[in-house]
Amino acid sequence: MSILSVENLKAHYVTEKRRKITRVLAVDGVTFHINKNEIYGIAGESGCGKSTLLKAMSGLIKPPLQVLEGEVKYHFDDRELDILALRGEKERREIRGARISHIPQGSMSVLNPVRRIRKSFEDIVGTHLGIRGGSEFEELVKSHIEALGLDWNVMHSFPHQLSGGMRQRITIALATILKPDVIFADEPTTALDVVVQRGVVQLIKKIKQEQQNTMVIVTHDLAIHANLCDRLAIMYAGRIVEEANVDDMFQTPKHPYTEMLLNSLPTLGDRSVRESAPGAPPSLVNPPSGCRFHPRCPKVMEKCRLEVPELIEVESGHQVACFLQEGRVYEQTRELGANYH
Ligand code: SF4
């Protein structure tokens, strides 16, 4: 059962300078759905549009970002919600925190450096639950942070007195205290060392298991996706080019870009030089025609420069946007037809 569906979403950054309008096509025609209680990953190189997609899904649309087309709909047990149709910031704020929440890139964007940690919890719990201190507040916050392995004493600290790993744990505790239905995490382990990263991954798994929420993890780090996610989407230049469950994606990638990303990963015991993806992601102001990956694709064909490949299902639950897959699907359909007759 899906909890979130995104239909043909186009979210562009539009700026005007000396009467010249510049449009950055950060998310450009994206369709997918997220199932209830799953951990869904979104991967791709920096600048592919994944963080913008996450902003649009959480209704964080502020100029110069504009949603030009498409829908983002939540299917909660008690209500349907079109987040892009919410007009007032007050309405959006009520949804954010209580129904959907956000673990941002870098804890310092959430934690105010001149306020003690307790104040951040008071803001969230006070705004959404109306509990502004006293034993009820302490009981609620204490049980939550202790379940996440944090000591109550951190409440009296200022952010700069804590390590980066501890601050990230607190950010996660803040994002999950209201037990939201959907949690978005934007590069939740970036800038943390490997040991701390492992702790944060374990913490996210624990929360998901206990609160039974749905999570969307956005990171370029494929190892994090392999560790955490049930399904994974690969984005390239503002579009999804492949989507599959994590095992299929890592064992049988089908898009040349996904193959390239996976080939660049080191494997244990292999000392050979890994190939990185040649070239760089294109500018999203003026992306390449046809398949946007064609200037970097080792399997490029003439058609790829002219036409846009659609995201099609090539195996159950495995979708790919690449002309190389068209013949495969045709062959499979023919075989099925032959068996049927
Ligand atoms: Fe490469 Fe063409 Fe497939 Fe794009 S559509 S990934 S250019 S083969």
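The values are calculated or read from the model by the stated rules, or taken from the named source; none is laboratory data. Just so you know, these numbers come straight off a predicted model, no measurement behind them. Cβ atoms come from the backbone with ideal geometry, glycine included; neighbour counts cover every protein chain shown. What goes into the accessible areas is simple: the full protein's heavy atoms, side chains included, and nothing from ligands, DNA or RNA. Shrake-Rupley method; radii C 1.70, N 1.55, O 1.52, S 1.80 Å.
Computed from backbone phi with θ = phi - 60° and the Karplus coefficients 6.51, -1.76 and 1.60, the 3J(HN,Hα) list for the stretch 26-40 is 5, 10, 9, x, 10, 10, 5, 9, 10, 7, 4, 6, 9, 9, 10 Hz; x is used for glycine and proline. Other residues within the sphere of radius under 13 Å centred on the Cβ of Gly165, judged by their own Cβ, net out at +2 (K and R +1, D and E -1). Express in whole angstrom the spacing between the alpha-carbon centres of the stretch 122-156 and the stretch 61-85. Using only Cα atoms to place each centre, the spacing works out to 30 Å.
Nearest 20 debye, what's the magnitude of the dipole of the stretch 133-279 about its Cα centre given +1 on Lys and Arg Cβ and -1 on Asp and Glu Cβ?
The dipole magnitude comes to about 180 debye.
In this structure the amide hydrogen of Lys254, modeled in the peptide plane, comes within under 5 Å of no amide hydrogen from residues 5 or more places off or on another chain.
For a label point 7 angstrom out from the Cα of Glu71 toward its Cβ, which stretches of the stretch 26-62 have the backbone nitrogen within less than 18 Å? Only 29-36, 56-59 fall inside the zone, counting backbone N under 18 Å.
Expressed to the nearest 5 percent, the antiparallel share of DSSP beta bridges inside the chain is 65 percent. Each Lys and Arg Cβ is given +1 and each Asp and Glu Cβ -1; about its Cα centre, the stretch 135-211 then shows a dipole of about 260 debye.
When the Kirkwood hydrodynamic radius is evaluated over all pairs of different C-alpha atoms of the stretch 107-200, what value in angstrom, to one decimal, is obtained?
13.7 Å
Set Lys and Arg Cβ to +1 and Asp and Glu Cβ to -1, take the dipole of the chain about its Cα centre, and tell me which of Gly88, Leu232, His255 lies farthest positive. Value computed over the given set: Gly88. Counting Lys +1, Arg +1, Asp -1, Glu -1, what net charge surrounds Lys55 among other residues with beta carbon under 11 Å of its beta carbon? Residues close to Lys55 contribute a combined charge of +1. Toward the positive end of the charge dipole of the chain, with +1 on the Cβ of Lys and Arg and -1 on the Cβ of Asp and Glu, the farthest Cα among Pro63, His220, Leu140 is that of Pro63. Of all DSSP bridge pairs formed entirely within the stretch 167-322, close to 70 percent run antiparallel. Once backbone amide H atoms are built at 1.01 Å from N, Ile39 has Met215, Asp230, Arg231 as its partners under 5 Å, excluding neighbours fewer than 5 places away on the same chain.
Restricting the calculation to Cα atoms, the chain shows an Rg/Rh of 1.00 when the hydrodynamic-style radius is the Kirkwood one. Placing +1 on each Lys and Arg Cβ and -1 on each Asp and Glu Cβ, with no other charges, gives the chain a dipole about its Cα centre of roughly 1400 debye. With the simple spin-label model, which puts each label point 7 Å out from Cα in the Cβ direction, the Arg23 to Val114 separation comes to 4.3 nm.
Coupling constants for the stretch 281-294 follow from the phi torsions by the Karplus curve (6.51 cos²θ - 1.76 cosθ + 1.60, θ = phi - 60°), and in residue order they are x, x, 5, 8, 7, 9, x, x, 6, x, 6, 5, 8, 4 Hz; glycine and proline get x.
Residues whose amide H falls under 5 Å from that of Ile312, counting only those 5 or more places apart or on a different chain, are Val320, Ala321, Cys322, with hydrogens built in the peptide plane. For the chain, the solvent-accessible area of protein heavy atoms averages 51 Å² per residue (probe radius 1.4 Å; ligands and nucleic acids excluded).
Taking every full run of DSSP H in the chain, the ones that stretch at least 15 Å from end to end by Cα along their long axis and average -0.5 or higher on the Kyte-Doolittle scale are 117-129, 134-147, 164-176, 194-211.
Each Lys or Arg adds one and each Asp or Glu subtracts one; over the other residues with Cβ under 13 Å from the Cβ of Glu210, this totals +3. Extending 7 Å from the Cα toward the beta-carbon at both Thr252 and Ala85 defines two label points whose distance is 4.0 nm. Dividing the C-alpha radius of gyration of the stretch 5-139 by 2.2 N^0.38 Å, with N its residue count, gives 1.24. Tell me, what is the FRET efficiency for Leu129 and His33 to the nearest 0.05, using R0 = 45 angstrom and their Cβ-Cβ distance as r? After rounding to 0.05, the efficiency reads 0.90.
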